[in-house]
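What follows is a short report on a single structure.
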Amino acid sequence: MKVSFLKKSAAVAALMFSAALVNVPSASAASCYGDYCSGVDPLSSGCANDAYTVATGYVYGSGGSAWVEIRWSPTCQTNWARANGVTSNVRADQAGGYSQGYSTNNGAHSWSRMIYSPAKCVKAVRWGGWGVTETACV
């Protein structure tokens, strides 16, 4: 009789513990959504956690070693530009003229601040001594 009660108590405790885990907010949850993300850094906000590249443009004459890309976060509904290397010459341009410039870099990549853009196309732009390189507007 005691064994059965202990088993039931352990099962109830396990269910309560697992239910508590389900309600724990994710450490990787984004701190903004939608237009509240415009002008915000994608890494510090958590929007980069589920992001993927939607278009890439290669710098002319670099043999494909230098590039800029437009990134999209489905969770935050935002785009931003990311370039390889350390450069402040990177921005995201939305159709209609809205733009967000350089945010920061991590030594390997540089990126712009985000633009909320679930409907209008956005392109990534990088410039330097060779001229201007950009992605398709997606």
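Every number in this text was worked out from the coordinates using simple rules, so none of it is lab data. The shown structure was predicted, so the numbers you read here are calculated from the model rather than taken from an experiment. Don't worry about glycine lacking a Cβ; one is built from the backbone with ideal geometry, like all the others, and counts go over all protein chains shown.
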Alpha carbon centroid spacing (whole Å) that separates region 56-98 from region 122-138: 7 Å
Per its Cα gyration tensor (rounded if a/c is under 1.5, else prolate when a/b beats b/c, else oblate), region 77-138 is best filed as oblate
Which residues in region 53-90 have a backbone N closer than 15 Å to a point placed 7 Å from the Cα of residue 127 along the Cα-to-Cβ line? 88-90
Segment residue 89-residue 106, extension gain: residue separation times 0.36 nm, minus the distance between their alpha carbons: 4.6 nm
Using the count of nearby Cβ atoms within 10 Å as a rough guide to exposure, how do 135, 87, 78, 53 rank from fewest to most? 53, 87, 135, 78
Per-residue Cβ neighbour rank within 10 angstrom, fewest leading, 67, 130, 111, 80: 130, 67, 111, 80
